[in-house]
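No lab work stands behind these numbers, since they all come straight from the coordinates. Because the structure is a prediction, the values reported are computed rather than measured. In this analysis, Cβ positions are derived from the backbone assuming ideal geometry, glycine residues included, and neighbour counts consider all displayed protein chains.
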Amino acid sequence: MSQVQQLKGQLYQVATEATQGAASLGGFKMRFGQSAVQVLALIQGSATNADADISQLLDAAGRAVEQASEALQIAAHGCKNYADQI
């Protein structure tokens, strides 16, 4: 097998893994969001403003997961396109 064919195979493998990772993160984000809503409902209106702090933390974590999923999708697309061209 030539080095070009090896490279193409590796690129397709990375694209597949990135796509699967993005899908897994999508499922995690949904479950995480549901849990976050439940937590916020339980601590809403706390006297220590913990609800606002926790809300901000959970929102930031949710956004980070979403950004990671998007980055994996972009990487998958880029790897597949490059492999298709070589």
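At R0 = 35 Å, how high is the FRET efficiency between Asp53 and Met30 if r is their beta carbon distance? Nearest 0.05 is fine.
FRET efficiency, Asp53 to Met30: 0.90.
Once the dipole of the chain is set up with Lys and Arg at +1 and Asp and Glu at -1 on Cβ about the Cα centre, which of Met30, Thr19, Val65 lies farthest towards its positive end?
Final value for the positive-end residue is Thr19.
Helix 3-43 versus the longest principal axis of the chain: what angle, 0 to 90°, nearest 10, using Cα atoms?
With rounding to tens, the tilt is 10 degrees.
Taking all pairs of different Cα atoms in the range 30-71, averaging 1/r and flipping that mean, what Kirkwood radius in angstroms comes out?
10.8
Which three extents, in angstrom, do the Cα atoms of the range 3-85 have along their principal axes, listed largest first?
63, 16, 14
Within the range 1-33, list the residues whose amide N lies under 20 Å from a label point set 7 Å along Cα→Cβ of Ile86.
Taking a point 7 Å out along Cα→Cβ of Ile86, the residues of the range 1-33 whose backbone N falls under 20 Å are 1-19.
Just in the range 1-48: which trypsin sites (Lys or Arg not before Pro) are loop by DSSP and have at most 13 other Cβ atoms within 10 Å?
Passing sites in the range 1-48 do not exist.
Treat each spin label as a single point 7 Å out from the Cα along the C-beta direction, and report the Ala41 to Gln67 distance in nm.
2.9
Angle, helix 50-85 long axis vs. longest principal axis of the chain, Cα atoms, 0 to 90°, nearest 10?
Roughly 10 degrees between the two axes.
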